[in-house]
Amino acid sequence: MKSILAILLTSFFSLAAAHAELKVASLSTITTDIAKNVGGDKIDLFPLVKAGVDPHEFQPTPSDVKKIADASLVLFTGKHIEGYLTKLEETVGGKVQFIDTGATINALTMAAEEPGHGHSHGTEEDPHWWHSIKNVKKATAVVRDAFIKADAANKTVYEKNAADYLAKLDELQAWATEKVAELPRAKRKLVTSHDAFQYLAKDYGFTVHPVQGISTADEPSSKKVSALIVLIKKQGVKAVFAENIENPKVLTEITKETGAKLGGELYADGLGDEEATTYPDMVRYNLTTIVGGLK
Amino acid sequence: MEGRPWVRIALLLIGFSLLGVPVWSMTREKRLRPALSNVVIAAPAQQLRVIITFAEPPLSFSLKYLDEVLCEGAAPDREFSYNWEIAVPPEGVDLLLKAGWPPSAPKTAARVEIFRDDTRLVDQTFWTQNSLVESVTVPGTNPE
């Protein structure tokens with residue numbers, strides 16, 4: 001009788017352990033997509049920054065803070081895009097582990113915008129590292145290792161899921177290389193709303209000419225807009241690109257002045273609701289739009 | 001006036017000359033100076049030699065520039081070379097290399113070298129397992 005009870009108890013506890021999910025909060029749509037792919041049904045995921053929300057402007061609500069406090073891991077992209085992070089860490093205390101998924105990625109730096117717009121000056125790190133597929137592969141490895149450390153019982157599942165996702169990213173990279181090769185290098189001039197595509201530019205030989213700075217809160221000066229108009233006319237740029245979460249007012253003015261067309265909306269700060277609900281979809285949509293617009 | 005025919009001839013000549021200026025202006029061959037912003041200086045064509053060395057010959061293979069397939073199809077030997085005449089603009093040009101090996105093939109490598117005369121413009125090695133899709137940039141200026 002005792003042995004039967006022991007077997008029943010052991011089975012109960014092992015079943016309970018098998019169903020215990022790793023609670024993960026995510027502060028970016030990019031880390032949410034990585035976490036879904038690596039964690040699968042072994043994690044309980046709270047995506048706090050939803051598709052179409054500007055991460056430059058996002059501020060967690062009290063209910064978000066509660067969800068974060070209940071989580072074991074919090075995934076963020078880093079490089080100063082989550083300006084509220086220090087306060088959030090102080091608020092939820094040391095129980096929750098914050099995982100900087102961009103920690104192993106070498107940041108591109110660039111000159112900061114004009115003073116008076118609420119961010120640091122001199123040079124600043126570009127936080128939009130997800131526009132390089134190579135960087136997302138590095139972040140996937142960070143997420144996989146964090147999940148294994150927090151939930152070693154499901155190590156083989158996380159390893160297999162991550163390997164499958166990395167293979168998908170390899171396919172995506174091959175597709176992207178072939179897509180961009182359709183466009184002559186002389187036409188790889190990317191005029192966008194804000195400065196979010198430096199990593200893409202570095203991988204595929206584009207020159208980026210943003211209207212705004214790194215943050216969507218930056219205001220373009222009239223001098224900068226005039227210089228852009230001259231550049232677009234001089235270099236014969238065929239299209240300029242808006243963003244899914246930005247008002248394309250200035251870009252529309254630029255198209256009127258230059259004759260360049262509005263090439264479409266790009267997903268700069270994360271995933272969207274329609275064509276870009278997953279990371280591979282976002283990359284495919286953005287590159288198809290860019291190459292189609294500039295050809 | 002009537003007794004001075006040379007005066008009449010002179011007036012007639014002056015009249016014709018004055019009329020000739022606008023007629024000449026309207027009918028001359030126009031040589032418009034293009035706006036500086038629209039000047040496109042075509043790069044001269046260059047004779048390049050592309051050499052690809054495979055650790056293992058692939059099953060399928062292609063070289064492509066924009067929409068133009070330079071060569072594709074049958075598996076080349078370990079070393080493959082192609083003479084490519086191309087006008088390289090200052091921004092350079094991208095050559096797309098695709099190759100595929102059997103699914104069971106071990107990790108392999110492909111080395112791409114591009115020469116202009118005796119100058120090596122490109123020397124890149126790519127490592128891969130079953131398939132390779134890589135873009136190789138020929139620089140627009142000769143690296144010293």
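Every read-out reported here was derived from the displayed coordinates using simple, explicitly stated rules and does not represent laboratory data. Every value quoted in this text rests on a predicted model; they were computed, and no experiment measured them. As a convention, Cβ positions derive from the backbone with ideal geometry for all residues, glycine included, and neighbour counts pool all protein chains shown.
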- Note on the structure: If one compares the long axis through the Cα atoms of helix A:29-39 with the longest principal axis of the Cα atoms of chain A, the angle in degrees, nearest 10, works out at 30 degrees
- Item | Ranking of A:F98, A:F76, B:F126 by count of other Cβ atoms within 10 Å, fewest first | B:F126, A:F98, A:F76
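Rounded, prolate or oblate for region A:15-113? Axes are the square roots of the Cα gyration tensor eigenvalues, ordered a ≥ b ≥ c, and the cut-off for rounded is a/c under 1.5.
Prolate, since a/c reaches 1.5 and a/b exceeds b/c.
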- Message: Between region B:112-144 and region A:18-84, how far is it from one alpha carbon centroid to the other, in angstrom?
- Response: 42 Å
- Item | Burial ordering of A:W130, B:W6, fewest other beta-carbon atoms within 10 Å first | B:W6, A:W130
- Note on the structure: Rounded to the nearest 10, the angle in degrees between the Cα long axis of helix A:222-235 and the longest principal axis of the Cα atoms of chain A comes to 80 degrees
- Work through the residues other than A:D70 whose Cβ is under 14 Å from its Cβ and net out their charges, Lys, Arg +1 and Asp, Glu -1. +1
- Task: Excluding residues fewer than 8 places away in the same chain, name every one of the lysines whose C-alpha is closer than 21 Å to that of A:K249.
- Result: A:K189, A:K223, A:K224, A:K233, A:K238, A:K261
- Query: Ordered by residue, what ³J(HN,Hα) values in Hz, to whole numbers, does region A:162-167 give under the Karplus form 6.51 cos²θ - 1.76 cosθ + 1.60, where θ = phi - 60° and Gly and Pro are x?
  - Reply: 5, 4, 4, 5, 5, 5
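What number comes out for the charge environment of A:S28, summing +1 per Lys or Arg and -1 per Asp or Glu over other residues with Cβ under 12 Å away?
Local charge sum for A:S28: -3.
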- Query: Going by a ≥ b ≥ c, the root eigenvalues of the Cα gyration tensor, does region A:131-176 fall in the rounded group (a/c under 1.5), the prolate group (a/b larger than b/c) or the oblate group?
  - Reply: oblate
- Using a/c under 1.5 as the rounded threshold, could you call region A:159-209 rounded, prolate or oblate? The axes a ≥ b ≥ c are square roots of the C-alpha gyration tensor eigenvalues, and prolate needs a/b larger than b/c, oblate otherwise. oblate
- Proximal charge balance of A:D100 [Cβ under 13 Å; K/R count +1, D/E count -1]: -2
